[in-house]
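So the structure is just underneath, and the comments pick up after that.
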Amino acid sequence: MTDKIKKVDVFPISIPRDVPYLGPLESGNVQNEQGYFIRPGNNSVYHISDQSVLVKITTESGQYGWGECVGFVVPEVPVALIKELLGPLLIGRDPHDGVKIYEDLYNAMRVRGFFGGYYHDAIAAIDIALWDLRGKLTGLPICKLLGSQRHAKLPAYVSGLPKPTISERADLAKSWIDKGFDAFKFASAVSHDGIVAEMEALRKAAGDETNILIDMHWKFTAAEAIRLITRLEAYNLYVAEAPVKPEDISGQALVVRSVKTPVAIGEELRTVYEYRPRFEAGCMHVIQPEMGRTGITSFWNICQMAVAFNQTVMPHASIGVGIFQAASLQVSAALPNLVYHEYQHSIFDKNLAYLRGNMRCEEGFFYLPDGPGLGVEPTDELFKYLKK
């Protein structure tokens with residue numbers, strides 16, 4: 001008898017932070033009553049806490065799998081989608097049919113225009129939970145279920161230098177190099193004293209051999225991005241991320257054709273349908289799929305398409321409790337075109353306390369957690385941060 005799905009639970013989580021994501025708030029910038037604020041450097045909304053959405057799928061025999069999706073802005077939306085629509089559609093399904101279930105859920109709303117956004121985020125959480133469940137049912141880690149574990153450890157780049165001044169950020173960058181990392185990324189959205197000046201200071205602190213990436217936060221026109229990247233190339237910029245608005249496919253392609261530095265995009269994209277026109281237009285050299293938006297099935301499909309377009313992969317790591325981070329590491333371990341995985345130290349390290357398992361990042365590498373499925377589970381302590 002095949003075990004069937006019996007129950008789907010969903011949990012919105014909000015974990016307090018001492019310092020907001022990307023660093024202290026700018027002078028005069030305050031959070032609203034709901035805890036949200038806008039970063040003036042990229043006109044994007046953030047929350048003062050680490051918010052996320054967890055899903056637990058349980059079978060008739062009591063086996064279960066955990067999933068998570070991005071939920072740092074209005075997590076109540078994917079929660080409602082899972083509670084009211086997606087979760088009930090899973091009852092009675094075979095947990096070994098995870099790919100078919102992903103396709104069924106995607107198809108259920110595509111003709112109504114819901115083939116991305118919060119709807120796909122909700123599917124992503126379910127998809128991760130189904131892969132975790134299948135791993136536990138078979139006794140295998142997800143990278144083995146994908147049939148191609150290629151890496152025992154994954155090269156990591158440090159993401160973010162959340163200090164208020166250039167000199168402090170340069171010192172922080174140097175401290176990471178001293179810990180064994182060979183790459184880091186700084187955020188243009190909080191380079192209030194000048195992006196080129198910050199790049200110069202970071203290069204001086206990090207030395208000639210360190211790979212320095214910049215997150216440009218989609219804030220420039222193509223012409224502005226080309227001019228800025230060209231100036232940064234004097235300091236041996238390694239990768240320029242998200243230089244123009246996500247919708248500007250032609251502008252993105254123009255940037256790629258006009259600079260020497262590899263260009264990366266993709267954290268905001270969720271499916272091969274969103275990636276394909278950007279592959280075809282030559283919008284990037286490096287893709288950055290975000291597991292908390294794609295789920296495992298779509299993440300894998302995107303990365304397989306990247307192989308055909310000779311693109312490399314540097315997965316994005318968003319705000320979460322670590323469940324979709326583990327999923328991202330599991331799939332990354334199976335990729336032939338992986339270069340680095342992003343290490344959001346201000347999120348990852350803090351929230352590891354709420355997970356069981358030995359997932360870790362140290363001396364420049366992520367190490368896969370042991371055990372079947374994801375290899376990690378939330379502790380009971382995490383649920384004291386259940387959002388009411």
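Just checking, which of Ser159, Ser191 is within 30 Å of Glu76 (Cα to Cα) and hydroxyl-bearing (Ser, Thr, Tyr)? Checking each option against the conditions leaves just Ser159. Each residue in region 258-295 was checked for being closer than 23 Å to Lys185 by Cβ, within 12 Å of the chain's Cα centre (by Cα) and either not assigned by TED's automatic domain parsing to the domain that holds Val321 or not hydrophobic (A, V, I, L, M, F, W, C) (or both), and 10 of them qualify. Going residue by residue through region 204-213, is there one that turns out to be on the phi < 0 side of the Ramachandran plot, assigned by TED's automatic domain parsing to the domain that holds Ile265, in a loop (DSSP other than H, G, I, E, B) and not hydroxyl-bearing (Ser, Thr, Tyr)? Within region 204-213, one or more residues are on the phi < 0 side of the Ramachandran plot, assigned by TED's automatic domain parsing to the domain that holds Ile265, in a loop (DSSP other than H, G, I, E, B) and not hydroxyl-bearing (Ser, Thr, Tyr). Mind listing whichever residues of region 146-171 are out of contact with any strand residue (DSSP E or B) (no Cβ under 9 Å at 6 or more places or on another chain) and either β-branched (Val, Ile, Thr) or part of a helix (DSSP H, G or I) (or both)? Passing the criteria: Thr165, Ile166, Ser167, Glu168, Ala170, Asp171. Within region 173-197, the set of residues being over 19 Å from His217 (Cβ atoms) and of a type in the set (A, V, I, L, M) comprises Ile177 only. Close Cβ contacts (under 6 Å, 6 or more residues apart or on different chains) running from residues in region 40-65 that are in the same structural domain as Leu22 (by TED's automatic domain parsing) to residues that are of a type in the set (S, T, N, Q) and part of a strand (DSSP E or B) comprise Ser49/Ser14; Gln51/Ser14; Tyr64/Thr58.
For region 125-179, which residues satisfy the criterion of being polar (S, T, N, Q) and either closer than 27 Å to Ser298 by Cβ or in the same structural domain as Gly65 (by TED's automatic domain parsing) (or both)?
Across region 125-179, the qualifying residues are Thr138, Ser148, Gln149, Ser159.
Does region 303-330 hold any residues that are of a type in the set (A, V, I, L, M), within 22 Å of Gly117 (Cβ to Cβ) and buried (at least 24 other Cβ atoms within 10 Å of the Cβ), and which are they? The answer is Ala317, Val321, Ile323, Ala327. Scanning region 44-56 finds one or more residues that are over 30 Å from Val190 (Cβ atoms) and at pLDDT 95 or above.
Looking only at residues in region 132-145 that are out of contact with any His (no Cβ under 8 Å at 6 or more places or on another chain) and under 15 Å from Thr59 (Cα atoms), the one that is surrounded by the most Cβ atoms within 10 Å (Cβ to Cβ) is Asp132. With the structure loaded, tell me whether Ala183 is within 23 Å of Gln288 (Cα to Cα), modelled with pLDDT under 95 and buried (at least 19 other Cβ atoms within 10 Å of the Cβ) or whether it fails that test. So Ala183 fails the test.
Taking region 34-131 and the strands (runs of 3 or more DSSP E) fully enclosed by it, the elements with 3 or more residues that are buried (at least 19 other Cβ atoms within 10 Å of the Cβ) are at 50-59, 64-70. Of the numbered criteria (1) touching a Pro at 6+ places or on another chain (Cβ under 9 Å); (2) surrounded by fewer than 21 Cβ atoms within 10 Å (Cβ to Cβ); (3) within 15 Å of Ala129 (Cα to Cα), the one Ser14 fails is (3). In region 179-194, of all residues being hydrophobic (A, V, I, L, M, F, W, C) and not in a strand (DSSP E or B), the one that is farthest from Leu25 (Cα to Cα) corresponds to Phe181. On inspection, Leu228 does not qualify as under 29 Å from Arg278 (Cβ atoms), touching a residue at least 40 places away in the same chain (Cβ under 8 Å) and outside any loop (DSSP other than H, G, I, E, B).
The values are calculated or read from the model by the stated rules, or taken from the named source; none is laboratory data. Predicted, not measured: the structure shown is a model, and the values here were computed from it. Please note: Cβ atoms are built from the backbone with ideal geometry, for glycine as well, and neighbour counts cover all protein chains shown.
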